[in-house]
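A.B. asks: There's a structure below that I have some questions on.
Taken together, the values in this text are just the output of simple stated rules run on the coordinates, not laboratory data. Remember, it's a predicted structure, so these values are computed and weren't measured experimentally. No Cβ is skipped: glycine too gets one built from the backbone with ideal geometry, and neighbour counts run over all protein chains shown.
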Amino acid sequence: MNLISFGKWPVDDVKVKDSGLVDYVTIKNVYVPRTGARYSRQKFHKSKVFIVERLINKLMVPGHRGKKHRITSYTVTGKSSQAYDAVEKAFTLIEERTKTNPVKVFVEALENAAPREEIISIEYGGARYPKAVDCSPQRRIDQALKYMVQGAYHRRFNTKKGIVQSLADEIIAAHQRSPASNAIAKKLEIERQADASR
């Protein structure tokens, strides 16, 4: 049996159902999802990186919400060992709760949370107006990962809940397409705005 990340979960049965994301969600047999930026100088290097490693990388640098860097401590230090441990424990928690391969749950959650449309601002004659555009596959994954991680950090902010539990909650909620997931809520909001600005 082939083993996946953390030497625990097989990936043979994990498939990407969204045909637009198949080439951009890499699922391969790796024992430790940590390449140390091996692909960083290659074009479209993110597409070749194992999707769980991309989650670990995003956990280290989650970006900002509303142009303010609110999240600055603990797992957001750039230390890969902390992010690695947090993802491994979160996946173990997901497996306990769902009785399913956590990598499969995560990939399905990612597909559910990936927005299909976005809003851009066009300036014409001194006036700005929004316009709906299709979202590229690579950006769909980037946005879904960003919203998942930011939702997990937001859920644990000023509470006793740790990042492990909040990340597991976020992934399970996205897997179930629940609006309690930050990623699903943001996707619905963006697509609703795009629909209104056609």
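A.B. asks: May I ask which of K15/K46; K46/K160; K15/K131; K17/K89 have a Cα-Cα span longer than 22 Å here?
C.D. replies: K46/K160; K15/K131; K17/K89
A.B. asks: Only helical DSSP H runs with n ≥ 4 go in: add -39500 (n - 2.57) per run for the chain, normalise by residue count and round the 222 nm mean residue ellipticity to 500 deg cm²/dmol.
C.D. replies: Value at 222 nm, helices only: -14500 deg cm²/dmol.
A.B. asks: Compare the peptides 105-112, 56-63 by average per-residue count of other Cβ atoms within 10 angstrom and give them in order, highest first.
C.D. replies: 105-112, 56-63
A.B. asks: Classify segment 72-114 from the C-alpha gyration tensor, please: rounded if a/c falls under 1.5, else prolate or oblate depending on whether a/b exceeds b/c.
C.D. replies: Verdict is oblate for segment 72-114.
A.B. asks: Here's another thing I want to ask about it. Run the numbers for R97 and S136: contour at 0.36 nm per residue of separation, minus the present Cα-Cα distance, in nm.
C.D. replies: The R97-S136 span can extend by a further 10.8 nm.
A.B. asks: Same structure, new question: Could you compute the FRET efficiency for S178 and R41, with r as their C-beta to C-beta distance and R0 at 45 Å, rounded to 0.05?
C.D. replies: 0.70
A.B. asks: Run the dipole for segment 5-196 about the Cα centre, Lys and Arg Cβ at +1, Asp and Glu Cβ at -1, nothing else charged, and hand back the magnitude in debye, nearest 20.
C.D. replies: Charge dipole, segment 5-196, about its Cα centre: 640 debye, nearest 20.
A.B. asks: How high is the relative contact order of segment 5-196, in percent, with contacts defined as C-alpha pairs under 8 Å that are six or more residues apart?
C.D. replies: 22
A.B. asks: Taking 7 Å along the Cα-to-C-beta vector as the label spot, tell me the K8-L188 distance in nanometres, rounded to one decimal.
C.D. replies: Result: 3.0 nm between the two label points.
A.B. asks: Right, something else. Using Cβ counts within 10 Å as a stand-in for footprinting exposure, how do R140, R65, R156 rank, fewest first?
C.D. replies: If I rank by nearby Cβ atoms, fewest first, I get R65, R156, R140.
A.B. asks: Have a look at S40, S166, S181 and tell me which one the Gaussian network model of the chain (Cα, springs below 10 Å) gives the largest fluctuation.
C.D. replies: Taking springs between Cα atoms under 10 Å, the residue moving most is S40.
A.B. asks: Still on this structure, please answer the following. At a 10 Å Cβ-Cβ cut-off, how would you order K46, K160, fewest neighbours first?
C.D. replies: Taking fewest neighbouring Cβ atoms as first place, the list is K160, K46.
A.B. asks: For the chain, set up a Gaussian network in which alpha carbons nearer than 10 Å are linked by springs, and say which option among A174, A183, A90 fluctuates the most.
C.D. replies: Most flexible of the set in this elastic network: A90.
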